[in-house]
Amino acid sequence: MSSNHAAVEQLRWQKFPVLDDGFVCLVDCMGDDAAVVQAARVSYGAGTKKVSDDRSLIRYLLRHRHTTPFEMAEVKFLVRVPMDCWRQWIRHRTANVNEYSTRYSVAIDSAQTTTPDEWRTQAANNRQGSGDPLTPEMGEAFTQTELEFQTAARKLYQERIDAGIAREQARKDLPLCTYTEAYWKIDLHNLLHFLALRMDSHAQWEIRQYATTLGEQIVKPLFPMVWEAFEDYRRQAMFLTRLDVEVIQSLQQQAAAGGVVPPFSEQFFLEHQHSEWKSLNRSRERDECLGKLRRLGIVKEAE
Ligand SMILES: Cc1cc2nc3c(=O)[nH]c(=O)nc-3n(C[C@H](O)[C@H](O)[C@H](O)COP(=O)(O)OP(=O)(O)OC[C@H]3O[C@@H](n4cnc5c(N)ncnc54)[C@H](O)[C@@H]3O)c2cc1C
């Protein structure tokens, strides 16, 4: 019996709510932390090592991106997601999917709605991101027009269905906020890849809610050692490029020569930034490097 048997039985079919009417739930799970270890140790035979060794091995595998042992475990979920969010989700090609058919059945009568305090402005410095929330007065108006639009779109759809129009055609004007449901099965390696991308702050807020719930409520209790390593070596880790390393070395040398001590000012960073960025007014790579150095406490936080 797998070590996560009790967790699987406790979690199976438990619907964790996401957004206003979505959910994620565990349907099935094959494998546990030990399955990863067993696959990695195929040449030595299972059951010969202590638990602490298992943990070390899992941490080593994840740290060094030895990925195939993580493909030995698989997890199957049932998810209910608005179609715009699903469109991002389905880009992860390594999963097996069966989605609710709106050709075969009447579309799920539920649309994701936005409360007045949930509307977000366009980010000023990131074309793909959101900025500050809208004022409550503006949000109120957009929530009202959203409701009117969603009601009208559903009414039109229902009229077509009632008139006998084929479901496959009647659906063409349903908005992307309409919920869909799908079974989604994926191996643990690709699941962690999905979670790393979609729990990240660069992912859209809506899909981040799904990924965070999947990860923390379901994957973590099913694979506690893998999850710990994932947090340490992926989620909370930092990737330094050659240029980042050269900047850190240069800052240290300049600081030693000038008697300056960290944390350095942003001005000091800009004076000693990488030569590749110096002539550029805007550089995303420079901004990313600055962010990393702030997180490391090498450069002062922005005032
Ligand atoms: C913040 C963010 C913004 C994004 N913005 C955009 C956007 O503007 N436009 C857009 O189109 N997409 C966008 N995407 C989607 C992104 O480009 C990927 O398609 C998506 O994240 C899936 O990643 P993946 O291909 O690594 O994952 P999966 O499809 O799950 O694949 C997992 C891994 O398997 C391997 N693999 C899978 N299929 C193949 C293959 N056919 N050939 C070789 N290797 C394969 C790769 O190593 C891949 O990393 C965005 C994603 C994120 C997270």
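Among residues of segment 200-210 being surrounded by fewer than 22 Cβ atoms within 10 Å (Cβ to Cβ) and near the ligand (Cβ under 10 Å from one of its atoms), the one that is farthest from residue 8 (Cα to Cα) is 202.
Cβ separations smaller than 6 Å between residues 6+ apart or across chains give no pair from segment 77-92 residues that are without any contact (Cβ under 8 Å) to a residue 12 or more places away in the chain to residues that are more than 13 Å from the ligand (Cβ to nearest atom) and part of a loop (DSSP other than H, G, I, E, B). Residues in segment 216-263 that are of a type in the set (Ser, Thr, Tyr) and more than 30 Å from residue 9 (Cα to Cα): 241, 250. When segment 66-123 is limited to residues that are within 14 Å of the ligand (Cβ to nearest atom), part of a helix (DSSP H, G or I) and under 17 Å from the mean Cα position of the chain (by Cα), the one that is surrounded by the fewest Cβ atoms within 10 Å (Cβ to Cβ) turns out to be 87. What tally of residues in segment 201-230 results from selecting those that are under 12 Å from residue 75 (Cβ atoms) and either among the aromatic types (Phe, Trp, Tyr) or touching a strand residue (DSSP E or B) at 6+ places or on another chain (Cβ under 6 Å) (or both)? So the count comes out to 4. Scanning segment 134-143 for any residue that is modelled with pLDDT under 95 and within 16 Å of the ligand (Cβ to nearest atom) turns up nothing.
Considering only segment 96-131, how many residues are touching a Leu at 6+ places or on another chain (Cβ under 8 Å) and either in contact (Cβ under 8 Å) with a residue 60 or more places away in the chain or under 25 Å from residue 188 (Cβ atoms) (or both)? So the count comes out to 5. Among the residues here, residue 160 does not qualify as at pLDDT below 95 and either closer than 30 Å to residue 39 by Cβ or of a type in the set (Lys, Arg) (or both). The condition of being closer than 20 Å to residue 22 by Cβ and either surrounded by fewer than 14 Cβ atoms within 10 Å (Cβ to Cβ) or free of Cβ contacts under 8 Å to residues at least 40 places away in the same chain (or both) holds for only one of 191, 176, that being 176.
Annotation note: of 203, 229, the sole residue that is more than 27 Å from residue 129 (Cα to Cα) and either assigned by TED's automatic domain parsing to the domain that holds residue 64 or touching a helix residue (DSSP H, G or I) at 6+ places or on another chain (Cβ under 7 Å) (or both) is 229.
Can you tell me which condition residue 259 does not meet? The list is (1) on the phi > 0 side of the Ramachandran plot; (2) modelled with pLDDT of 95 or more, and all the others hold. All conditions pass for residue 259, except number (2).
The values are calculated or read from the model by the stated rules, or taken from the named source; none is laboratory data. Values in this document were obtained by computation on a predicted structure and should not be read as measured data. As a convention, Cβ positions derive from the backbone with ideal geometry for all residues, glycine included, and neighbour counts pool all protein chains shown.
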